[in-house]
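Colleague: A single structure is presented below for examination.
The values are calculated or read from the model by the stated rules, or taken from the named source; none is laboratory data. Here the structure is a predicted model, which is why all the values come from computation and not from measurement. FYI the Cβ positions are ideal-geometry reconstructions off the backbone, even for glycines, and counts take in every protein chain you see.
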Amino acid sequence: MSSAALARLMARGAAFLGTDVAIMAGAMSWVSERHLVAAISNAGGFGVIACGAMTPELLDAEIAGTRALTDKPFGVNLITMHPQLFDLIGVCAKHRVGHVVLAGGLPPAGSLDAIKGNGARLLCFAPALSLAKKLIRSGVDALVIEGMEAGGHIGPVSTSVLAQEILPEIADQLPVFIAGGIGRGEAIAGYLEMGAAGVQLGTRFVCATECIAHPAFKKAFIRASARDAVASVQIDPRLPVIPVRALRNAGSDLFTVKQREVAQLLDEGKVEMAEAQLQIEHYWAGALRRAVIDGDVENGSMMAGQSVGMVKAEEPVADIIAALLAEASAALSARSAA
Ligand SMILES: Cc1cc2nc3c(=O)[nH]c(=O)nc-3n(C[C@H](O)[C@H](O)[C@H](O)COP(=O)(O)O)c2cc1C
């Protein structure tokens, strides 16, 4: 840790995570597998496995594989709409995973008790103050507040506004981690000073040397600027799709075609709304795999946040974390000297 002031501001978040520094690497489907997750945790941060659409067997192997690479704490991110959610929770319990992050909506009935009953700590996303309060009442252990600058699925409000609205109201009740649009340590220092226990970054870690993303995927990140990371557009008001922020490419147009296809199936009564939305999510998972694993940066989904403009080179995770800490420390000293 670079400075006593930063260590003090990060103490609560680091204690909650069991890490040296209160920096979480947000789970990224296909990207956040054992190598990146272990590298983040070994560097003092908190890695999170993205379970995505994995089967319980695959998650079991991924957790075991990660444990083989690190003895430091890491978490598992589960998507609430996964049809085998409770089996996945069981796999986390079997491996005594200390922290489970539930993404994709409020925890389904029984999931909170199942996770906490197994002794794990539960983190949830709160996209608005009212939902944050509801989640606190239901007994979650920590919250992630993620703004629309983030890569992947996004809400409608910016990180800076959510942080101002939510932190003063709840930061004294439980640890809150701020995510979305963080590319440098000065911003980390700012959110910590506002009461955040820590931060979560995704985009900034994609070009880590240890990350298995295809070289073409990383190259596109290094070239891109903030304005290239755009939110997908909903083309049919009858089919509500959660916007996804990604680098603009031919794949962005393919998503428009996919929405028309699914909207037509809805019109013809061939699918129900829930099935239509699941088809959209499957589309994203496949498209992201095509880009991250196969390197098809034209037709695949290049999920990226606006902080992509601050990703300048491929570098080891330890260097990324060291740079973030140095920037945060310098910002804090500059403020205290003023
Ligand atoms: C390529 C990519 C894939 C992502 N996949 C997931 C996911 O599977 N589950 C999830 O909860 N968040 C996912 N996210 C969001 C990240 O976990 C993280 O919250 C976000 O990247 C933070 O914002 P930032 O990109 O501005 O740092 C993804 C983000 C990216 C860039």
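Colleague: Residues of region 111-129 being in a helix (DSSP H, G or I) and within 16 Å of the ligand (Cβ to nearest atom), which ones? Working first, answer last.
Modeller: Let us first name the residues in region 111-129 that are in a helix (DSSP H, G or I), namely 111-117, 129.
Matches in region 111-129: 111, 115.
Colleague: Here is a follow-up. Of the conditions (1) touching a helix residue (DSSP H, G or I) at 6+ places or on another chain (Cβ under 9 Å); (2) closer than 20 Å to residue 152 by Cβ; (3) part of a helix (DSSP H, G or I), residue 299 satisfies every one except a single condition; which number is it?
Modeller: If we test residue 299 against (1) touching a helix residue (DSSP H, G or I) at 6+ places or on another chain (Cβ under 9 Å); (2) closer than 20 Å to residue 152 by Cβ; (3) part of a helix (DSSP H, G or I), just (3) comes out false.
Colleague: Check region 18-39 and report whether any residue there is modelled with pLDDT of 95 or more, of a type in the set (Gly, Ala, Ser), outside any loop (DSSP other than H, G, I, E, B) and under 25 Å from residue 329 (Cβ atoms).
Modeller: Yes, the conditions are met somewhere in region 18-39.
Colleague: Could you please find all residues in region 167-209 being of a type outside the set (Phe, Trp, Tyr), surrounded by 24 or more Cβ atoms within 10 Å (Cβ to Cβ) and without any contact (Cβ under 8 Å) to a residue 60 or more places away in the chain?
Modeller: Answer for region 167-209, where residues must be of a type outside the set (Phe, Trp, Tyr), surrounded by 24 or more Cβ atoms within 10 Å (Cβ to Cβ) and without any contact (Cβ under 8 Å) to a residue 60 or more places away in the chain: 176, 178.
Colleague: Right, next: Are any of the residues in region 157-166 more than 10 Å from the ligand (Cβ to nearest atom), surrounded by fewer than 16 Cβ atoms within 10 Å (Cβ to Cβ), more than 30 Å from residue 280 (Cβ to Cβ) and not polar (S, T, N, Q)?
Modeller: no
Colleague: Among the residues in region 41-60, are any away from the ligand (no atom under 15 Å from the Cβ), in the same structural domain as residue 203 (by TED's automatic domain parsing), touching a residue at least 12 places away in the same chain (Cβ under 8 Å) and surrounded by fewer than 16 Cβ atoms within 10 Å (Cβ to Cβ)?
Modeller: Checked against the condition, which is being away from the ligand (no atom under 15 Å from the Cβ), in the same structural domain as residue 203 (by TED's automatic domain parsing), touching a residue at least 12 places away in the same chain (Cβ under 8 Å) and surrounded by fewer than 16 Cβ atoms within 10 Å (Cβ to Cβ), region 41-60 yields at least one hit.
Colleague: While we're on this one: So is residue 91 in contact with a Leu (Cβ under 6 Å, 6 or more places away or on another chain) and closer than 25 Å to residue 41 by Cα or not?
Modeller: Yes: the conditions hold for residue 91.
Colleague: Listed residues 150, 132, 196; which is more than 13 Å from the ligand (Cβ to nearest atom), in a loop (DSSP other than H, G, I, E, B) and in the same structural domain as residue 114 (by TED's automatic domain parsing)? Break it down stepwise before answering.
Modeller: Working: 150 fails: more than 13 Å from the ligand (Cβ to nearest atom); 132 fails: in a loop (DSSP other than H, G, I, E, B).
Within the list 150, 132, 196, the selection yields 196.
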